[in-house]
Structures are given as structure tokens and as C-alpha cells.
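*Asks:* This is the structure I have questions about; it appears just below.
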Amino acid sequence: MKPDLKMVILDPLNAFLGSDTDSHKGASVRGALTPFLELANRYRFAIVGVMHLNKKEDSKMIHRILGSTAFAAACRAAWLLAKDESDKTRRIFIPIKNNLVPRLINSLSPKTVVFFLEKGFLSGNRWAMVTG
């Protein structure tokens, strides 16, 4: 029987990997992620893995994902959600990796999305795509 689901959210992702997984070693992370990826491929659903950032602010965003770089390597797309320090209601959703859309087709490449929260909810009329 095929489950009727489209997406599974693992928040935080590393909490679902098991106590024997060393989240700072690539081989350990890849081994722990493989069963999730196989299930997603078999049953055709997306996995959203929520990760936190390390404190290395001078690093590239892809290297700021807490733990091994294998987390970023295993995913097809990685996005960063950040709070704007100058506006408590503004959020910035930035693509940091994308293997789903060819970068050669610029009009289809993911763009940064800026949106606002009002009373803890997404404001329906206050969002924008920021282009190159």
C-alpha cells in the first residue's frame, strides 16, 4: 500500500538520525540519511530537513549548516530562512543550493523571497521575489 503523503518534515533533521550517528562525519551522515532518501524515492514524497547554523559567520552559507557538509550534499535544494535584524517582522528566504532547476535558465532559477509576519502569521500581501 502506498502512503498518501507529499512531504515529511524532520525538525531538526539530526534528531532523527539515531544516537550512533556522528553528525560531523560525512560517511556517518550519509549512512543515516540513506533510508530516508530511499523511502522518499520509493513513495515519491519530499523530505524537508530543518537544520540550524553554526556560528562561523564568515563562512559560505552552505558551510554554515551545523554538522557535516554531507547534510547539504545529500539534499537537492537548500534554503536559508533568516530574520532581518533591522525589522522584526521581515524574513528572508535565500536559496543556497539548487540541483532541481538548471541554472542556465535564469528565469526559472530560484530567487530570494522576502516576506513579513503579522501577529505570528504570514502577511498575505507583504512578500516579494528579489531578482538577481
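The values are calculated or read from the model by the stated rules, or taken from the named source; none is laboratory data. As the structure is a prediction and not an experimental result, all values here were calculated from the model. Because the Cβ atoms are built from the backbone with ideal geometry, glycine has one as well, and the counts that use them run over all protein chains shown.
*Asks:* Has segment 120-130 got any residue that is at pLDDT 85 or above, surrounded by 10 or more Cβ atoms within 10 Å (Cβ to Cβ) and either outside any strand (DSSP E or B) or not assigned by TED's automatic domain parsing to the domain that holds Ala70 (or both)? Write out each step before concluding.
*Replies:* Of segment 120-130, the ones at pLDDT 85 or above are none.
No, that holds for no residue.
*Asks:* Taking segment 9-37 as the search range and keeping residues that are closer than 12 Å to Met51 by Cα and not hydrophobic (A, V, I, L, M, F, W, C), which one is surrounded by the fewest Cβ atoms within 10 Å (Cβ to Cβ)?
*Replies:* The qualifying residue surrounded by the fewest Cβ atoms within 10 Å (Cβ to Cβ) is Asp11.
*Asks:* Follow-up. Restricted to segment 94-119, and to residues that are part of a loop (DSSP other than H, G, I, E, B) and within 21 Å of the chain's Cα centre (by Cα), which residue is modelled with the highest pLDDT?
*Replies:* Only one residue fits best here, namely Asn99.
*Asks:* Still on this structure, please answer the following. May I ask you to list the residues in segment 68-89 that are more than 23 Å from Ala40 (Cα to Cα) and touching a Leu at 6+ places or on another chain (Cβ under 8 Å)?
*Replies:* Filtering segment 68-89 down to residues more than 23 Å from Ala40 (Cα to Cα) leaves 81-89.
Selection gives Thr89 alone.
*Asks:* Grab the strands (runs of 3 or more DSSP E) fully contained in segment 1-93, keeping just those with 1 or more residues being touching a Pro at 6+ places or on another chain (Cβ under 6 Å).
*Replies:* Ranges flagged: 77-83.
*Asks:* Does Ile47 satisfy the condition of being among the β-branched types (Val, Ile, Thr), at pLDDT 90 or above and either closer than 30 Å to Val114 by Cα or in contact with a strand residue (DSSP E or B) (Cβ under 9 Å, 6 or more places away or on another chain) (or both)?
*Replies:* Values: among the β-branched types (Val, Ile, Thr): yes; at pLDDT 90 or above: yes; either closer than 30 Å to Val114 by Cα or in contact with a strand residue (DSSP E or B) (Cβ under 9 Å, 6 or more places away or on another chain) (or both): yes.
Judged against the criteria, Ile47 is a match.
*Asks:* Among all residue pairs at least 6 apart or on different chains, which show Cβ distances below 7 Å where the first residue, located in segment 74-85, is without any contact (Cβ under 8 Å) to a residue 24 or more places away in the chain and the second is surrounded by fewer than 16 Cβ atoms within 10 Å (Cβ to Cβ) and in a helix (DSSP H, G or I)?
*Replies:* Correct list of pairs: Ala78/Ile62.
*Asks:* Here is a further query. When you look at Val50, is it assigned by TED's automatic domain parsing to the domain that holds Asp11, among the β-branched types (Val, Ile, Thr) and surrounded by 14 or more Cβ atoms within 10 Å (Cβ to Cβ), yes or no? Quick ask: steps written out before the conclusion?
*Replies:* Values: assigned by TED's automatic domain parsing to the domain that holds Asp11: yes; among the β-branched types (Val, Ile, Thr): yes; surrounded by 14 or more Cβ atoms within 10 Å (Cβ to Cβ): no.
Considered against the rule, which asks whether it is assigned by TED's automatic domain parsing to the domain that holds Asp11, among the β-branched types (Val, Ile, Thr) and surrounded by 14 or more Cβ atoms within 10 Å (Cβ to Cβ), Val50 comes out as no.
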